[in-house]
Amino acid sequence: MTHESVLPVRPWTVALVKPLAELDDSELVSATIGGSREAFEVIVARHRRAVYQVCYRFVNNHEDASDLAQDAFVRAWRGMKNFKGESALSTWLYRIAVNVCLNRVSAKTVATEPLESNDQVADVRIEGAPHAMIREERAAAVRKAIAELPKKQRATLILRAYHDMSHQQIADVLGSSVGAVKANFFHALANLKKNLGSEP
Amino acid sequence: MTHLTPDELIDAMEGLLAADRQAHLATCDECRAQVAGLSITLSEAKQTSVTEPSPLFWQHFSERVGTAIDRDASGGRNRPSWLGWQILVPLGAVALVILALIVAAPKLQVSDSPLALQAPEAPDASQPPDNWVMVTELVGNIDLDTASAAGVIEPGVAEQAVLHLTVEEQQELTRLLKAELQRAKS
């Protein structure tokens, strides 16, 4: 046995010999727990888009989504020592983001965003204005309808449809059973279908 | 055979329906129409993308998170560093004892006869003294067990803490107690 192999090595000390950006999530978590703020900044940079998107689907507007995502990361920083690595870091961050959204968002106070967006302009150039406008209007209607679903249904639909989480993972995030998740998913789609049914 | 339940309709849409229920689905137009409707709605939902923020937003977002964490970390440091809860709890206890004496004093004065004075009842050992309960309420969400485990609410701690205060801290304590007494009187 070599001398090095018996020395107690803290996992986060890996960060000392590898650039932070090259560390995987579990190494970054260890480094963060070990006190490295820079490691957490890499975690934020790596997962901010996905966390923001979860929040955006909930509230359907940029301002609230960025506030909620920020809050989720602050809570993640506070609770990082509680992350046991039993799930992927992304799943844990989604759980925090969803809980932040569930606690702060009311189905009745969804402020939707106007239609203008960069991708809409791009669509107009490629497809021609009328077609692109109709498509974007429909997409906006779908986003709005999702944001108006009851909170548990909304969370289930967002995690299943946009983040490819299994029913079991969603159940873990929401603290419910797989059966309840499937029922929520069914009702989310049924309500969405009903709400969009009268539109073209 | 009964129609598919919501769970089973989701399983059917995802291709996970049990074989015996698959047989029902094959012969039930109503269930097939429901599964098709769910699939179309899900497909349409999946096609809607989130409006992408400006590329500059992400750097700004990371900085905002950093600032919020700094603010969060310094949130509990608005009061002087020496005035931590280890000091505040004993101080609160001292203040409450003084308040209790002030409240009890008028009752003693209005007694007509010394004979009317009753010997104090022995405290019920099964119940914590009222002042300690009040202290924990003042501290917030810290329950008795937690506070006891932290070693901050044992009798005598307050006196010990006061003895170890600097002159400056004693002056501040005096100011706090006076303010508390003033508030109690008013």
Checklist entry - Going by the conditions given, is A:Tyr56 aromatic (Phe, Trp, Tyr), surrounded by 14 or more Cβ atoms within 10 Å (Cβ to Cβ) and at pLDDT below 95? => result yes
Item to check | the stretch A:59-72, subset more than 10 Å from every other protein chain (Cβ to nearest Cβ) and open to solvent by less than 50 Å² (accessible area, probe 1.4 Å), residue modelled with the lowest pLDDT | outcome: A:Val59
Item to check | Subset of the stretch A:100-130 (residues that are surrounded by fewer than 17 Cβ atoms within 10 Å (Cβ to Cβ) and modelled with pLDDT of 85 or more) | outcome: A:Leu102, A:Asn103
Checklist entry - Restricted to the stretch A:28-49, and to residues that are open to solvent by 40 Å² or more (accessible area, probe 1.4 Å) and either more than 14 Å from chain B (Cβ to nearest Cβ) or at positive phi (or both), which residue is modelled with the highest pLDDT? => result A:Ile33
Checklist outcome for this item: Pairing a residue in the stretch A:179-197 that is facing another protein chain (nearest Cβ under 9 Å) and of a type in the set (D, E, K, R) with any residue that is assigned to a helix (DSSP H, G or I) and open to solvent by 30 Å² or more (accessible area, probe 1.4 Å), where Cβ atoms lie under 7 Å and the two sit 6 or more apart in sequence or on different chains, gives A:Lys182/B:Pro6; A:Lys182/B:Asp7
Next on the checklist: With the requirement that a residue be of a type in the set (Asp, Glu) and over 18 Å from A:Val42 (Cα atoms), what does the stretch A:65-101 give you?
Outcome noted: A:Asp67, A:Glu86
Next on the checklist: Looking only at the stretch A:162-178, filter to residues that are surrounded by fewer than 20 Cβ atoms within 10 Å (Cβ to Cβ) and facing chain B (nearest Cβ under 9 Å); which one of those is nearest to A:Ile134 (Cα to Cα)?
Outcome noted: A:Tyr162
Next on the checklist: Checking the condition of a type in the set (Gly, Ala, Ser) and closer than 17 Å to A:Asp24 by Cα, which residue from A:Ala65, A:Ala69, A:Ala97, A:Ala45 passes?
Outcome noted: A:Ala45
Item to check | Residue list for the stretch B:5-28, filter: open to solvent by 60 Å² or more (accessible area, probe 1.4 Å) and either at pLDDT 95 or above or under 24 Å from A:Leu149 (Cα atoms) (or both) | outcome: B:Thr5
Checklist entry - Among A:Val98, A:Val74, which is the only one that is touching an Asp or Glu at 6+ places or on another chain (Cβ under 8 Å), assigned to a helix (DSSP H, G or I) and among the aliphatic types (A, V, I, L, M)? => result A:Val74
Checklist entry - What pairs can you find where one residue is in the stretch B:43-68 and more than 7 Å from every other protein chain (Cβ to nearest Cβ), the other is surrounded by 12 or more Cβ atoms within 10 Å (Cβ to Cβ) and assigned to a helix (DSSP H, G or I), and their Cβ atoms are less than 6 Å apart, with a gap of 6+ or different chains? => result none
Item to check | Pairs, first under 25 Å from A:Arg154 (Cα atoms) and modelled with pLDDT under 95 in the stretch A:80-97, second hydroxyl-bearing (Ser, Thr, Tyr) and not in a helix (DSSP H, G or I), C-beta under 9 Å, six or more apart | outcome: A:Arg95/A:Ser87
Item to check | Flag if A:Lys151 is at pLDDT 90 or above and more than 21 Å from A:Asn103 (Cβ to Cβ) | outcome: no
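The values are calculated or read from the model by the stated rules, or taken from the named source; none is laboratory data. Note that the structure is a prediction, hence the values are computed from the model and not measured. Positions of Cβ are generated from backbone atoms using ideal geometry, with glycine treated the same way; all protein chains shown enter the neighbour counts. Each accessible area value is taken on the protein alone, full model and side chains, heavy atoms only, with ligands, DNA and RNA left out. Shrake-Rupley method; radii C 1.70, N 1.55, O 1.52, S 1.80 Å.
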